[in-house]
Amino acid sequence: EGFSSVKCFLSLCRFQACVYFASVFQAMSCGIHYLASVFMAVTPNFVCGFPGNVSSVLFHNSSASSTEDIWTLWTSTENYIVVQLENGEIWELDQCSRSKREVSLDLAYEYKGNKSVFPCSDGFLYDDTKWKSTVVTQWDLVCDREWLAKLIQPTFMLGVLIGAVIFGDIADRLGRQRVIWFTSAGQFVFGIAVAFTFDYYSFVIVRFLLAMVSSGYLVVAFVYVTEFVGIKARTWASMHVHAFFAMGIMVVALVGFLVRTWWVYQIFLSIATLPFVLCCWMLPETPFWLLSEERYEDAQKVIDTMARWNKVSTPCKVSELCSVQQDDLASGRTGDDDMSSTKKHNILDLFCNWQIARRTITVWLIWFTGSLGYYVFSLSSVDLGGNEYLNLFLIGAVELPCYIIACVAMDKLGRRNTLIPFLILSALICVLIMFIPQDLNILIILANMAGKFSIGVAFGLIYLYTAELYPTIVRSLAVGSGSMMCRVGSVVAPFCVYLRSVWIFMPLLLVGIMALLSGILTIMLPETLGKPLTNTLVEATEMGRNKKSCSEKAPPAHSGAALEKIEMFGQERVSADK
């Protein structure tokens, strides 16, 4: 059939490999910008500033001539510094207040006399031994302005949510190529612009725009590569878009280690993928989008180009494909009224009966838990102790083998049988970490890597599993709604990490509970490995009620071209956005 011929043709490798690696290379920039704030918005040790010139500094039993010499001794936020000014005044400097001693006799750390408390009107003193400058130190986002610093990552994730919705729709209307051009250029422009923002609010606004274009690129790039890659390689190709995202996290760790000034750090991160921005205009539009828009001549040009690259002497002819497709679609309409129905479906169809409703709630929970766990393990990696740059690098690196294992396991063991053990394993790891002594940094880091690995397998697998659980008529709705729950999880994750200030294990406890609950509920989902895609809600419901009959049921009698189209496009709306 028509789409079958296109499928076979797109299975050829040279042209598709170039397009694939060029497109997913830019996905690294998405990983870069998503996690850039872990070092950019670091809050170092700090105390109130003092009104005058210092003659001596005292911290417990240690004295120094400047406050810079004290930071190596700083151990807790409960500490304070005693300074004596050149005019003889003695001040106690806390993090968010300062006290002037009424009686200035001998310089001593302990003082029982009267004090006058003043606000930090002279700014703050920051520990710059690790970072010369961060956005926190740039705009004093501490004490009563600390909440502004904590909004940096959630507002970025909100931009991710909105950008995915907007650019996903634009890509369907204007084409994948134009959106890839715009979003990749936008990542570079807004990424550089962030470094030159003049205050906190302009910083947040530009980062919000950067989040929108980064998310938009990731969504459209996933669709773009799946429309070029043959059906046999689609699972591996789509899963490894995530791998390039993980490589972006590793780049963040490397640049953070080398560059310690936030705006220079941001510039280096933004120019990391500049080669793609300069070359992305060479990427062609996908033949499938051109055919859907009836731009047959343009589609033929792309197919001819692919034929030259792949050294095919007799390329496909669009005119032949279209004639076969029209014949098949015409017979398909007469063979099944459901496929020709113009009924519009909405989110309520995902709750049309108890079987589907229970499935939807479980799938949404898995999407939410996967995103929550992914970002909790990633964002909290810099607080595990030891070298925070190495921690983040390892948290990114552990994703690379996890997607390979996910691809193999989901094809050998099944989707459900892979998802359940890895969800439960991630919950058990969260509990295990709570019992590891805090002085065993290496063991804690390894356990967190194992947690990120297990949640990464589940997170990568749920994309394809969701598409297979629902019938054609609501498949895009199911995947789109699940993707929205994923983004809700990414918005909640930073706030979850902030709960470390309440109890150091609170984020892990929440992720563990959600992962355990998701794993238990997944037991009730049907296995989809080796089963035909369903086309109606009745068929999808039966797949859950009678697993044996579903596995033996032959594919519904739709046209050959229609089935091939389902295979080619059924997964394209599965957003690769994290």
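Structure summary
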quantity	calculated
Global form of the range 47-129, assessed from the alpha-carbon gyration tensor, a/c cut-off 1.5	rounded
Placed amide H near T528: partners under 5 Å, 5+ positions off or other chain	R415, R416
HN-Hα J in Hz across the range 174-189 - Karplus 6.51, -1.76, 1.60, θ = phi - 60°, x for Gly and Pro	9, x, 6, 4, 5, 5, 4, 4, 5, 6, 5, 5, x, 4, 5, 5
Relative packing of peptides 349-358, 283-292 - highest average C-beta neighbours within 10 Å first	283-292, 349-358
Accessible area expressed per residue, the range 47-129, with surrounding protein chains retained (probe 1.4 Å, Å²)	54
Under-5 Å amide H pairs with S97, H placed in peptide plane, nonlocal only	C48
Most to least packed among 116-128, 90-102 [average Cβ atoms within 10 Å]	90-102, 116-128
Given K317/K531; K130/K150; K100/K130; K132/K452, the pairs whose alpha carbons are separated by over 25 Å	K317/K531; K100/K130; K132/K452
Per-residue HN-Hα couplings for the range 265-279 [Karplus 6.51, -1.76, 1.60; θ = phi - 60°; Hz; x = Gly/Pro]	4, 5, 5, 4, 5, 6, 8, 4, 10, 4, x, 5, 4, 6, 10
For the range 378-399 versus the range 419-477, the gap between their alpha-carbon centres in whole angstrom	17
For the range 34-111 versus the range 152-202, the gap between their alpha-carbon centres in whole angstrom	41
Heavy-atom accessible surface of the range 349-543: percent carbon and sulfur, 1.4 Å	77
Rounded percent of accessible protein surface that carbon and sulfur make up, the range 149-208, 1.4 Å probe	77
Protection proxy ranking, peptides 212-219, 298-305, average beta carbon neighbours within 10 Å, highest first	212-219, 298-305
Integer Hz, Karplus 6.51/-1.76/1.60 couplings in order for the range 411-419, x for Gly and Pro	8, 9, 9, x, 5, 5, 5, 8, 5
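The values are calculated or read from the model by the stated rules, or taken from the named source; none is laboratory data. Every value quoted in this text rests on a predicted model; they were computed, and no experiment measured them. Using ideal geometry, Cβ is built from the backbone for each residue, glycine included, and neighbour counts are taken over all protein chains shown. Heads up: the accessible areas ignore ligands, DNA and RNA and are worked out on the full protein's heavy atoms, side chains in. Shrake-Rupley method; radii C 1.70, N 1.55, O 1.52, S 1.80 Å.
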